[in-house]
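The values are calculated or read from the model by the stated rules, or taken from the named source; none is laboratory data. Keep in mind it's a predicted model, so treat the numbers as computed, not measured. Cβ atoms come from the backbone with ideal geometry, glycine included; neighbour counts cover every protein chain shown. Protein only, heavy atoms only, side chains kept; ligands, DNA and RNA dropped before computing areas. Shrake-Rupley method; radii C 1.70, N 1.55, O 1.52, S 1.80 Å.
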Amino acid sequence: MKIVSSRVRYCSKLFTVTEDHAKDARGFEIKRSIVRHAGSAVMLAADERKQILLVRQYRLAVDGNLWELPAGRLDPGENPLQAAKRELVEETGYRARRWKKLISFYPSPGYVSEKMTIFLATDLTAGEAQPMDDEQIECRWFRTKEIEGMIRANRIRDSKTIIGYFVWRRWFM
Ligand SMILES: [Mg+2]
């Protein structure tokens with residue numbers, strides 16, 4: 001597919017919305033509104049006892065408090081691993097000495113360009129969190145059994161958290 005036109009319709013601090021028109025060589029055309037996003041890093045921090053660090057915060061888009069893996073958007077010029085290291089300290093205060101990429105995926109490819117990359121963070125040391133002004137974040141360690149119970153009971157409803165947990169459990173634990 002070749003982009004014929006792309007118009008910016010909306011800009012916010014977090015993303016841009018464009019209206020795009022694309023065509024292939026045979027004349028097949030699509031028009032879509034697309035949320036253009038820099039991408040996110042997601043951190044699955046695990047301690048020696050295989051406990052996982054989750055954060056809880058109010059999510060206005062779904063009007064609820066969600067338990068999630070800590071995560072954040074890539075800053076300009078940052079690669080996913082750099083963003084993961086920065087965001088883990090900002091949101092939780094923890095620093096990790098060992099990092100390993102678990103998986104990357106598109107959370108909503110129908111209309112959002114965002115790619116998420118999940119990293120395993122181990123060998124951790126605690127410190128002071130540095131949340132943004134509009135972030136109120138609660139942190140807690142969870143045992144694997146608790147997390148599975150919460151996913152099953154629909155009390156963890158965040159996709160990156162469900163994907164990250166099962167990828168770690170299946171291939172990296
Ligand atoms: Mg975040």
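Listing for the model above:
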item	result
Loop-resident sites, segment 1-95, for chymotrypsin sites (Phe, Trp or Tyr not before Pro), counting at most 13 other Cβ within 10 Å (DSSP)	Phe28
Relative contact order of segment 40-172, pairs being alpha-carbon contacts under 8 Å that are 6 or more residues apart, as %	32 percent
Where Cα atoms sit under 25 Å apart: lysine pairs in the chain separated by 8 or more or lying on different chains	27
Share of carbon and sulfur in the accessible heavy-atom surface of segment 1-113 [1.4 Å probe, %]	51 percent
Probe 1.4 Å, protein heavy atoms only - accessible area per residue of segment 40-172 in square angstrom	58 Å²
Neighbourhood net charge (10 Å Cβ-Cβ; Lys/Arg +1, Asp/Glu -1) for Thr18	+2
Qualifying trypsin sites (Lys or Arg not before Pro) in segment 6-112, DSSP loop, other Cβ atoms within 10 Å at most 14	Lys13, Arg26, Arg49, Lys50
GNM result for the chain, Cα springs below 10 Å: residue of Leu124, Leu88, Leu60 fluctuating most strongly	Leu60
Rounded tilt (10° steps) of 80-92 against the dominant C-alpha axis of the chain	50 degrees
Heavy atoms of Val89: accessible area, 1.4 Å probe, square angstrom to 10	20 Å²
